[in-house]
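Here is the structure we will look at.
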């Protein structure tokens, strides 16, 4: 399998999961500016959407969209329960938090702030929504060790990426103690440290 990534993009979530599950996946950088691969080919030849996260399977099929890729990678390491069993409340909670990060953090906030065409005034407004998002996540983490429950899941990999984006924006989460403690624990995980170091070296 091959995982196509852009350093610090949402593909970081899948990258962390690959390392956490110790999966045999080749990591391939996509140049953000040119949308080309290291061998000079256009990334669109692999993924017509031109976006990460993208995963090519051993049979040549292409899988895209961050949550779908996370689901598939988790299915390759079922003993680790990165995605709790279907039919359990834990499974639904994981989907709930994946959706929250995808909609309330990723697409609404980060996509807008980093969109060069978005009006400045709108970016300021969108950025002002972050404290309310932090407060909501903090409230959950006051009750659980991980975002969706008591074990590390694919929802955590996505939230870790979101917290990495918060760092890049220079925002602080220090007023929210449970969230701050969670970030410290997550960023100290070997898989997270290795993924961040690898992407920063590209």
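Key figures
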{"read-out": "Yes/no for residue 33 being over 13 Å from residue 153 (Cα atoms) and in a loop (DSSP other than H, G, I, E, B)", "value": "yes"}
{"read-out": "Top-ranked residue in the stretch 164-184 [being within 17 Å of the chain's Cα centre (by Cα) and without any contact (Cβ under 8 Å) to a residue 24 or more places away in the chain; ranked as nearest to residue 111 (Cα to Cα)]", "value": "167"}
{"read-out": "Selected residue [surrounded by fewer than 16 Cβ atoms within 10 Å (Cβ to Cβ), closer than 26 Å to residue 193 by Cβ and in contact with a helix residue (DSSP H, G or I) (Cβ under 7 Å, 6 or more places away or on another chain)] from 26, 80", "value": "80"}
{"read-out": "Selection status of residue 103, touching a helix residue (DSSP H, G or I) at 6+ places or on another chain (Cβ under 6 Å) and in a helix (DSSP H, G or I)", "value": "no"}
{"read-out": "Within the stretch 14-23, considering residues that are closer than 14 Å to residue 197 by Cα and out of contact with any strand residue (DSSP E or B) (no Cβ under 7 Å at 6 or more places or on another chain), the one surrounded by the fewest Cβ atoms within 10 Å (Cβ to Cβ)", "value": "19"}
{"read-out": "Residue match in the stretch 80-89 (condition: farther than 19 Å from residue 147 by Cβ, out of contact with any strand residue (DSSP E or B) (no Cβ under 8 Å at 6 or more places or on another chain) and in a helix (DSSP H, G or I))", "value": "no"}
{"read-out": "Selection from the stretch 185-202 of residues that are within 22 Å of residue 30 (Cβ to Cβ), touching a residue at least 24 places away in the same chain (Cβ under 8 Å) and in a helix (DSSP H, G or I)", "value": "191, 192, 194, 195, 196, 198, 199, 200"}
{"read-out": "Lone unmet requirement of (1) surrounded by 14 or more Cβ atoms within 10 Å (Cβ to Cβ); (2) touching a residue at least 40 places away in the same chain (Cβ under 8 Å); (3) farther than 19 Å from residue 192 by Cα for residue 5", "value": "(3)"}
{"read-out": "Residue, nearest to residue 114 (Cα to Cα), within the stretch 38-77, restricted to residues that are in a loop (DSSP other than H, G, I, E, B) and free of Cβ contacts under 8 Å to residues at least 12 places away in the same chain", "value": "48"}
{"read-out": "Residue within the stretch 145-162 that is more than 23 Å from residue 191 (Cα to Cα), at pLDDT 95 or above and surrounded by fewer than 17 Cβ atoms within 10 Å (Cβ to Cβ) present", "value": "no"}
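The values are calculated or read from the model by the stated rules, or taken from the named source; none is laboratory data. Keep in mind the model is a prediction, meaning the values are calculated, not measured. In this analysis, Cβ positions are derived from the backbone assuming ideal geometry, glycine residues included, and neighbour counts consider all displayed protein chains.
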